[in-house]
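Derivation of every value follows stated rules applied to the coordinates shown; laboratory data play no part. Since we're looking at a predicted model, the values are computed, not measured. Neighbour counts are summed over all protein chains in view; Cβ atoms, including those assigned to glycine, are modelled from backbone coordinates with ideal geometry.
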Ligand SMILES: [Zn+2]
């Protein structure tokens, strides 16, 4: 099991998490430091959710973030600039 799935870009994740789950504080996220299990635990605790529900929220968050991240970082094979693969190439 990879419990540090969020650890790579933790600083970026942290900012997004503060937006997503406003009840969780920055200090708490510092302690969590990307440990997935604890993130699920905090979401449960602060929002009074069941384990499964919190898990779904974290997974949805991860997937959205990862997709966005992958989109942003892709170097286009057509125009050699970095843009979302779903977006059209920028005009030259
Ligand atoms: Zn392009």
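Multiplying the residue separation of residue 81 and residue 20 by 0.36 nm and removing their Cα-Cα distance gives an extension gain of 18.9 nm. Calculated FRET efficiency, residue 30 to residue 62, Cβ-Cβ distance, R0 = 25 Å: about 0.85 to the nearest 0.05.
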